[in-house]
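The values are calculated or read from the model by the stated rules, or taken from the named source; none is laboratory data. If you're wondering where the values come from, they're calculated on a predicted model, not measured in any experiment. No Cβ is skipped: glycine too gets one built from the backbone with ideal geometry, and neighbour counts run over all protein chains shown. Ligands, DNA and RNA are excluded from the accessible area calculation, which covers all protein heavy atoms including side chains. Shrake-Rupley method; radii C 1.70, N 1.55, O 1.52, S 1.80 Å.
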Amino acid sequence: MRGAGMKIKIAGVTFGYSDTSVLQDLWVDLDGPQLVSILGPNGVGKSTLVGCICKILEPKGGAVLLDGTDVRDIGLKALSKEMGYVPVSSSDSFPMNVVDAVLMGRHPYSKWKTEDEDLEKVYDALVRLDIEDLAMRQFNELSAGQHQKVVLARGLVQEPKVLLLDEPTSNLDIRHQIEVTKLLKELSREKGMLIIMISHDINIAVTYSDNVLLMYNGGIFAAGRPWDVITEENIRTVYGVDCKIVDFKGNPHVILDDTVELSTDEQWEQPYTSEDHPALAMQDKG
Amino acid sequence: MSRLDEAVQSTGSGKDRFIADYRGYLAVKILTVVGILVVLLLVTGYAITISGKDVGFLETYGYIWNHITGVTYEFRSPEWFVDYSIFDIRMPRILAAIIAGFGLSVCGCVMQAVTRNPLADPYTTGMSSGAVFGVSIGMVFGFSLNSTFGDMGIMFNAFVFGLIPAVFIIAVSAGKTRSPATIVLGGIAISYLFSSLSTIAMMYASEQTIRKAYLWQLGTMERVTADMLPLMFVGILVCSVVVYVFSKQLNLLYLGSGNASTLGLDVGTFRTIMIVITAAMAAAIISFTGVIGFVGLVAPHVMRHVVSSDNRYLIPAAGLLGGLFLLVCDTVGRAPFMPVELPVGVIMSFVGAPIFLYIIVRSRKGAL
């Protein structure tokens, strides 16, 4: 399978803007094809971490290693064949049809002219996401759910081994949220991709993710299998929300209660260090 | 067998149809570009027949063909006069209008991609007013940042002062808090700043210079002469070709800097290069023709809806439409039925503003 051995090592990543620190010494390994969800409240540095992984941001300390190579040492063009990124969807865009919008994902491979091979890949991606009937529609006139799938199709035709998505399910109704998240899990299997997404819906994320990464105040609070990470205590500390966790179809399911006083303790110890941090891998082969 | 493979197998013919559809769609875009070019050539022919020596519409093409193929006429023969009046009096002005409209529209396409803002063009971002100031101090004080005086010195002034707003645009569009409004509002602020500086410069000018500078600020093709054309033509052509070569990279900027970077583009460097090139183009045009607004906004905007925003098609289509648009405005401005000859910039705004408003209102849900 393509990309079988691919690994991302987040090795002591530290990031900050001039005087504020956003990420502080993060350690975690992500091994092989799987779906990983990054969870955590607003402003804890989820997008920053994703930015550091795909070289949009440069860490101030530490490094992100892709199969053992520091991403800083990989040229943008070469990296674009390994790693794809789907930003938070924005509604503002210039008039352009869906095929053109998806074709841009072929940029790392394509020449000036649009080749049949590129179009074939676009078609396959559209069929896979079940949106081939939208091909000639205007991208900026689609609904949020369709829009998200088109952006995802662009990520697919890029054929990366690692795909990072910043809140792919924001703005979507529940049906589309489930559909897109499920799709990501399936794609991680079909194409052997390591897919990392930021999400705000714990229950949907947990249902389809192999592993979750719970972030808190610029660090990783917990990482691993959903049952180990999504606990009543963790949710209370990280989100400041009381909840009850029940077993629903074998996955932890969060039933929300009321907000609680947020801990004002800025000094907390991250559980993971350079010597001792988890290596997250796929749960099953199914 | 994966679901993907199944899907691919069962829809083999669908794929062929899909590719054929898309190729057809590209062909329509190319035809549109060719269509605008044809209309442009027709209007050029018509524009030559206006004012001065009488030449028939179709006759003009004969003269142009003969001129290009090197046919010479007997000195001071009737044909010689016609040829002279076409190529030394009317053509420079017509070509200047086409080149200026083309260049400003290409600038618009590029700046809109770079700032991800459909309202960006040399005019709205303040580049024009910067260039105006550069030209004003050149005219009034004979001050030039370059040792060569005359046209080149003034053009260099326009370029350097046009770059000041450009630097601002680079800083703003690269910043974290970029919003579509910021760039345009910043452009307006810069415009006012430079306008006031230009006005101050005018306080020290002679009446004659003020008149000259005023007309120039309105945007006019009157001052363009045959000897200026080659420089203008080559400059705009080279810049346009460079920009056009990077069409696909410009497309990537639509996706935002993060996504463009993960598709392999060094966004910061690329954006800077593009803005410097557009500043050079805008400055070159402005220093010849004065300030002409709207064309850089309207032509790309119209064409985005016709050939879509893929710069490989948008840049030529919008460029040609811009050239056509400016030529029509200039031709109307000096048409026989006009009581006085109106500067092209005035007509441009008079025609362009309502069209632009109409487009904004009509396409509320789309871009903008």
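Using a 1.4 Å probe on the protein chains only, how many percent of the accessible area of region A:19-74 belongs to carbon and sulfur? Let's see the in-between values first.
Details: 930 of 2000 Å².
The nonpolar share, carbon plus sulfur, comes to 47 percent.
Please find the FRET efficiency linking A:Asp257 to B:Glu207, where r is the Cβ-Cβ separation and R0 is fixed at 56 Å, and quote it to the nearest 0.05. Display every interim value, and only then the final one.
Numbers: r = 81 Å, r/R0 = 1.44.
According to the calculation, E is roughly 0.10.
Relative to the isolated chain, which residues of region B:214-253 have their accessible area cut by 50 Å² or more in the presence of all protein chains (1.4 Å probe, heavy atoms, no ligands or nucleic acids)? Relative to the lone chain, where solvent access is computed with a 1.4 Å probe, region B:214-253 loses at least 50 Å² at B:Lys248.
I'd like the carbon and sulfur percentage of the solvent accessible area for chain B, probe radius 1.4 Å, heavy atoms only, ligands and nucleic acids excluded.
The value for chain B is 69 percent carbon and sulfur by accessible area.
Shown is the FRET efficiency for B:Ser77 and B:Phe141, computed with R0 = 56 Å from the Cβ-Cβ distance and rounded to the nearest 0.05: 0.75.
Which whole number of Å³ per residue matches the convex hull of the alpha-carbon atoms in the protein assembly as shown? Could the numbers behind the result be given before it?
Working: hull volume 123.4 nm³, N = 654.
Enclosed volume per residue, from the Cα hull, is 189 Å³.
Considering only protein heavy atoms and a probe of 1.4 Å, how much of the accessible area of region A:106-163 is carbon and sulfur, as a whole percent? Its accessible area is 44 percent carbon and sulfur atoms.
Close amide H partners of A:Leu165, meaning residues 5 or more places away or on another chain with modelled amide H under 5 Å apart, are A:Val86, A:Ile196, A:Met197, A:Ile198. Put simply, the amide H of A:Phe248, placed in the peptide plane, has neighbours under 5 Å in A:His253, leaving out anything fewer than 5 places away on its chain. The mean sequence separation of alpha-carbon pairs under 8 Å and at least six residues apart, normalised by the residue count of chain A, gives a relative contact order of 26 percent.
State in Å² the accessible area per residue of region A:93-157; use a 1.4 Å probe, count heavy atoms of protein chains only, and round to the nearest integer. Walk me through the numbers before you get to the answer.
Numbers: 2070 Å² over 65 residues.
Accessible surface, normalised per residue, equals 32 Å².
Computing Rg and the Kirkwood Rh from the Cα coordinates of chain B gives a ratio, Rg/Rh, of 1.03.
Tell me, what does the Kirkwood hydrodynamic radius of chain A come to in angstroms if you use every pair of distinct C-alpha atoms?
After inverting the pairwise mean of 1/r, the radius is 19.6 Å.
Test of understanding: in a Gaussian network model of chain B with alpha carbons linked when under 10 Å, which of B:Glu207, B:Glu222, B:Glu341 would top the mean-square fluctuation ranking? Checking each option, the largest mean-square fluctuation is seen for B:Glu207.
FRET efficiency for the A:Glu58 to B:Phe233 pair, using the beta carbon distance and R₀ = 45 Å, is estimated at 0.55.
Could you compute the longest span of chain B free of trypsin sites (Lys or Arg not before Pro) located in DSSP loops and having at most 12 other Cβ atoms within 10 Å, not counting the site residues? The partial results should precede the final answer.
Numbers: sites that count: B:Arg76, B:Lys176, B:Arg364, B:Lys365.
Answer from the scan: B:177-363.
Between B:Leu215 and B:Val361, 0.36 nm times their residue separation minus their Cα-Cα distance comes to what?
Details: separation 146, 0.36 × 146 = 52.56 nm, distance 3.22 nm.
Computed gain between B:Leu215 and B:Val361 is 49.3 nm.
Shape verdict for region A:195-286, please, from the Cα gyration tensor: rounded (a/c under 1.5), prolate (a/b greater than b/c) or oblate.
Values: a/c = 2.12, a/b = 1.10, b/c = 1.92.
Oblate shape, in that a/c is at least 1.5 and b/c is the bigger or equal ratio.
Only protein chains counted, 1.4 angstrom probe. Which residues of region B:19-34 are at least 20 Å² less accessible in the assembly than when their chain is isolated? When all protein chains are present, B:Ile19, B:Tyr22, B:Arg23, B:Tyr25 each give up 20 Å² or more of accessible surface. Using the alpha-carbon centroid of each, what span in Å lies between region A:38-81 and region A:207-281? For region A:38-81 versus region A:207-281, the Cα centre distance is 22 Å.
Segment A:Glu232..A:Lys182, full-extension length gain: 15.5 nm, with 0.36 nm per residue of separation and the alpha-carbon distance subtracted. Size descriptors for region B:165-321 (Cα atoms only): Rg and Dmax, in that order, 17.8, 57 Å. Of the beta bridges in chain A, as assigned by DSSP with both residues counted there, near 60 percent are antiparallel.
How would A:Lys249, A:Lys244 line up by accessible area, probe 1.4 Å, largest first? Intermediate values should be presented prior to the final figure.
Numbers: A:Lys249 175, A:Lys244 120 Å².
Per-residue accessible area, sorted high to low, gives A:Lys249, A:Lys244.
Going by a ≥ b ≥ c, the root eigenvalues of the Cα gyration tensor, does region B:216-275 fall in the rounded group (a/c under 1.5), the prolate group (a/b larger than b/c) or the oblate group? Judged from the Cα gyration tensor, region B:216-275 comes out prolate (a/c at least 1.5, a/b above b/c).
Pairs to check: A:Lys121/B:Lys15; A:Lys7/A:Lys81; A:Lys121/B:Lys29; A:Lys77/A:Lys111; A:Lys185/A:Lys244; A:Lys9/A:Lys185. Give those whose C-alpha atoms are more than 19 Å from each other in this structure. Pairs exceeding the cut-off: A:Lys121/B:Lys29; A:Lys185/A:Lys244; A:Lys9/A:Lys185. Once you sort the root eigenvalues of the Cα gyration tensor of region A:93-157 as a ≥ b ≥ c, which label holds: rounded (a/c under 1.5), prolate (a/b larger than b/c) or oblate (the other case)? It comes out prolate by the Cα gyration axes. Full extension of the chain segment joining B:Thr199 with B:Leu41 gains 52.9 nm, where the gain is 0.36 nm per residue of separation less the Cα-Cα distance. Ligands, DNA and RNA are left out, and with a 1.4 angstrom probe the accessible area of chain B is 44 Å² per residue.
Once B and A are treated as a pair rather than alone, how much accessible area drops out, both sides summed, in Å² to 100, probe 1.4 Å?
Values: alone 18150 and 13820 Å², together 28000 Å².
Using a 1.4 Å probe, the pair buries roughly 4000 Å².
If you filter region B:15-101 for GluC sites (Glu not before Pro), then keep DSSP loop positions with at most 10 other Cβ within 10 Å, what is left?
Numbers: sites: B:Glu59, B:Glu74, B:Glu79; in loops: B:Glu74.
Taking region B:15-101 and a limit of 10 other Cβ atoms within 10 Å, the loop GluC sites (Glu not before Pro) found are B:Glu74.
When the Cα positions of A:Ile131, A:Ala205, A:Pro271 are compared along the charge dipole of chain A, A:Ile131 comes out farthest toward the positive end, with charges on each C-beta of Lys, Arg, Asp and Glu.
Membrane-span-like helices in chain B (whole DSSP H runs, Cα extent of at least 30 Å along the helix axis, mean Kyte-Doolittle hydropathy of at least 1.0): B:12-49, B:91-115, B:151-174, B:180-203, B:267-289, B:311-333.
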